[in-house]
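Student: Attaching a single structure in structure tokens format; questions to follow.
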Amino acid sequence: MNKIPFNKPFTIGAELENIARAVADGHLSGDGPYTKRCHLWLEERLGCRKALLTHSCTAALEMAAILADIGPGDEVIMPSFTFVSTANAFVLRGGVPVFIDIRSDTFNLDERLIEAAVTPATRAIVPVHYAGVPCEMDAIGAIAQKKGLLVIEDAAQALLSDHKGRRPGAIGHLGCLSFHETKNVISGEGGALLINDPKLVARAEVIREKGTNRSQFFRGEVDKYTWVDIGSSYLPSELVGAFLYAQLEHAEAITAKRLRLCAAYRSRFAKLEQAGVLRLPQADPPGTAGNGHMFYILLNDLATRTALIAYLKARGVHAVFHYVPLHSSPAGMKFGRAAGAMTVTDDVAGRLLRLPLYYDITEEDVAAIVAEIVAFFGASRGNE
Ligand SMILES: *Cc1c(COP(=O)(O)O)cnc(C)c1O
């Protein structure tokens, strides 16, 4: 069959026309008309107080760490089963990631383990909505309130997911989104910081504009702009906003299509799951809905996963495993620490396999991939 990549970037609407218009209009630095439209879209559709585009979710997390005033020795509770940026953003401020285990159903941080990990040095909790499936935000919010902690959502994968009528990224004090080309809505590299706590909005604008009050200056709120705080250049070019706005206009359709593709995978895998050779993603927790960000299968052991990746590769299908747990990574051990056992994290990290999923993949491709995996298990059983 034709080669099926793991991911393929796509356009869906006026991306290229918007870029041409931005060039013609002569505003290519940050915060031009398209970037502002993206901000408005995010604020209206997600319900956050303020949205600011960034170069990446990594940059948004770094801004969040500055806004949270993380300093040397401050602890931040997060799952070990996540992308490096979740931890690295806080380590850059001298903070200490405190890793806890994940739930065995959603692979999101296990909220029942948070309180035991809290110490006098704890400043924040960072829930990561894995595969776009929302974390237990009610329980997390209650602990944060009781202990006086900030909630900083890593919602990189969770654009337009639903948690009891609210959108991930717009629930905690701060939320971070990614528009990396592997996410649902893309701009190549890109991200956004969502600010839900009104007290943090003004400082977020300053941090994003190199520590200056330039945003206020452009709004006419101050008569000159100057250096007022620490910061960096976190605002993307208008080219990014122009591309991204075209994608946001179709974000609901993109989500719906990805959910259909996930359903196609799921129904075709039903027999293999019944046969006990793999586990499919669990149903979304009550009151929540995912966004079709990812489709993974959980194999029975590492050896099977390794063999299946090679088998699919030989047939032109690129499937990949996911996070190498942070608590046992070289930098994770140097800069962070594990609180409690990491049983589920270590187990899942060794068995999870992500399958190709992107906007332009067809249901025929999905059927062909599943057929190869069925053949793999038929062949491996025949060999026993
Ligand atoms: C993709 C991802 C990031 C990083 O996003 P970038 O935009 O590439 O910086 C961070 N956290 C999680 C959970 C992600 O999936």
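The values are calculated or read from the model by the stated rules, or taken from the named source; none is laboratory data. Quick caveat, the model's predicted, so the values are computed rather than measured. Because the Cβ atoms are built from the backbone with ideal geometry, glycine has one as well, and the counts that use them run over all protein chains shown. Calculation scope for accessible area: heavy atoms of the full protein, side chains included, ligands and nucleic acids excluded. Shrake-Rupley method; radii C 1.70, N 1.55, O 1.52, S 1.80 Å.
Student: Applying the selection to segment 36-65, what residues are more than 16 Å from the ligand (Cβ to nearest atom) and not basic (K, R)?
Tutor: Across segment 36-65, the qualifying residues are H39, L40, W41, E43, E44, L46, G47, C48.
Student: Right, another one. May I ask you to list the residues in segment 113-139 that are under 14 Å from H163 (Cβ atoms) and away from the ligand (no atom under 16 Å from the Cβ)?
Tutor: Hits for segment 113-139 are E136, D138, A139.
Student: While we're looking at this one, here's another question. Return only the number of the condition from (1) more than 16 Å from the ligand (Cβ to nearest atom); (2) of a type in the set (A, V, I, L, M); (3) within 27 Å of A246 (Cβ to Cβ) that V206 does not satisfy.
Tutor: (3)
Student: Any residue at all in segment 361-384 that's within 30 Å of I186 (Cβ to Cβ), open to solvent by 60 Å² or more (accessible area, probe 1.4 Å) and touching a residue at least 40 places away in the same chain (Cβ under 8 Å)? Let's see the steps before the verdict.
Tutor: Taking segment 361-384 and keeping what is within 30 Å of I186 (Cβ to Cβ), we get 361-373.
Of the ones still in play, those that are also open to solvent by 60 Å² or more (accessible area, probe 1.4 Å) are 363-364.
Of the ones still in play, those that are also touching a residue at least 40 places away in the same chain (Cβ under 8 Å) are 363.
Yes, the conditions are met somewhere in segment 361-384.
Student: I would also like to ask the following. Please go through segment 52-76 and give me each residue that is buried (at least 24 other Cβ atoms within 10 Å of the Cβ) and under 19 Å from the mean Cα position of the chain (by Cα), ordered by number.
Tutor: Passing the criteria: L52, L53, T54, C57, A59, A60, L61, E62, M63, A64, A65, V76.
Student: Does Y265 fit the bill of being surrounded by 17 or more Cβ atoms within 10 Å (Cβ to Cβ), closer than 30 Å to K210 by Cα, among the hydroxyl-bearing types (S, T, Y) and touching a residue at least 12 places away in the same chain (Cβ under 8 Å)? It would help to see each step written out before you state the result.
Tutor: Details: surrounded by 17 or more Cβ atoms within 10 Å (Cβ to Cβ): yes; closer than 30 Å to K210 by Cα: no; among the hydroxyl-bearing types (S, T, Y): yes; touching a residue at least 12 places away in the same chain (Cβ under 8 Å): yes.
Answer is no for this residue.
Student: If you don't mind, there's one more thing I want to ask. Which members of segment 101-112 meet the condition of being of a type in the set (S, T, N, Q) and within 16 Å of the ligand (Cβ to nearest atom)?
Tutor: T106, N108, listed by residue number.
Student: Are any of the residues in segment 303-310 open to solvent by less than 10 Å² (accessible area, probe 1.4 Å), touching a residue at least 60 places away in the same chain (Cβ under 8 Å), of a type outside the set (F, W, Y) and not assigned by TED's automatic domain parsing to the domain that holds R103?
Tutor: Of segment 303-310, the ones open to solvent by less than 10 Å² (accessible area, probe 1.4 Å) are 308.
Narrowing further to those that are touching a residue at least 60 places away in the same chain (Cβ under 8 Å): 308.
Narrowing the set further to residues that are of a type outside the set (F, W, Y) leaves 308.
Narrowing the set further to residues that are not assigned by TED's automatic domain parsing to the domain that holds R103 leaves 308.
Looking through segment 303-310, at least one residue is open to solvent by less than 10 Å² (accessible area, probe 1.4 Å), touching a residue at least 60 places away in the same chain (Cβ under 8 Å), of a type outside the set (F, W, Y) and not assigned by TED's automatic domain parsing to the domain that holds R103.
Student: Those residues that are of a type in the set (A, V, I, L, M, F, W, C) and not in a strand (DSSP E or B), I need them from segment 47-71; list them, please.
Tutor: First pass over segment 47-71, keeping only residues of a type in the set (A, V, I, L, M, F, W, C): 48, 51-53, 57, 59-61, 63-68, 70.
C48, C57, A59, A60, L61, M63, A64, A65, I66, L67, A68, I70, listed by residue number.
Student: Another question, if that's okay. Is it true that S161 is touching a Cys at 6+ places or on another chain (Cβ under 6 Å), among the polar types (S, T, N, Q) and crowded, with 24+ Cβ neighbours inside 10 Å? Before you say what the answer is, go through the steps one by one.
Tutor: Working: touching a Cys at 6+ places or on another chain (Cβ under 6 Å): no; among the polar types (S, T, N, Q): yes; crowded, with 24+ Cβ neighbours inside 10 Å: yes.
In short, no.
Student: Continuing with this model, one more query. Within segment 185-196, which residues are within 11 Å of the ligand (Cβ to nearest atom) and open to solvent by less than 20 Å² (accessible area, probe 1.4 Å)? Lay out the reasoning, then the answer.
Tutor: So the first thing to find is which residues in segment 185-196 are within 11 Å of the ligand (Cβ to nearest atom), and the list is 186-192.
If the condition is that a residue be within 11 Å of the ligand (Cβ to nearest atom) and open to solvent by less than 20 Å² (accessible area, probe 1.4 Å), then I186, S187, G190, G191, A192 are the ones that fit.
Student: Another question, if that's okay. Assuming F83 fulfils every condition listed in (1) assigned by TED's automatic domain parsing to the domain that holds C135; (2) away from the ligand (no atom under 14 Å from the Cβ); (3) open to solvent by 10 Å² or more (accessible area, probe 1.4 Å) apart from one, which condition is it?
Tutor: Going through (1) assigned by TED's automatic domain parsing to the domain that holds C135; (2) away from the ligand (no atom under 14 Å from the Cβ); (3) open to solvent by 10 Å² or more (accessible area, probe 1.4 Å) one by one, F83 breaks only (2).
Student: Which count do you get for residues in segment 206-233 that are crowded, with 22+ Cβ neighbours inside 10 Å and in contact (Cβ under 8 Å) with a residue 40 or more places away in the chain?
Tutor: Summing the residues that are crowded, with 22+ Cβ neighbours inside 10 Å and in contact (Cβ under 8 Å) with a residue 40 or more places away in the chain in segment 206-233 gives 2.
Student: Go through the residues of segment 269-290 one by one and say whether even a single one is on the phi > 0 side of the Ramachandran plot and not aromatic (F, W, Y).
Tutor: We begin by selecting, within segment 269-290, every residue on the phi > 0 side of the Ramachandran plot; these are 276, 287.
Now restrict to residues that are not aromatic (F, W, Y): 276, 287.
Yes, that holds for at least one residue.
Student: As an exercise: evaluate H39 against (1) out of contact with any Asp or Glu (no Cβ under 6 Å at 6 or more places or on another chain); (2) open to solvent by 30 Å² or more (accessible area, probe 1.4 Å) and give the number of the one condition it does not meet.
Tutor: Unmet condition: (2).
Student: Quick one: how many residues across segment 268-292 are among the acidic types (D, E) and without any contact (Cβ under 8 Å) to a residue 24 or more places away in the chain? Outline the logic, then answer.
Tutor: In the first step, residues of segment 268-292 are kept if they are among the acidic types (D, E); the result is 273, 284.
Those left that are additionally without any contact (Cβ under 8 Å) to a residue 24 or more places away in the chain: 273.
The total comes to 1.
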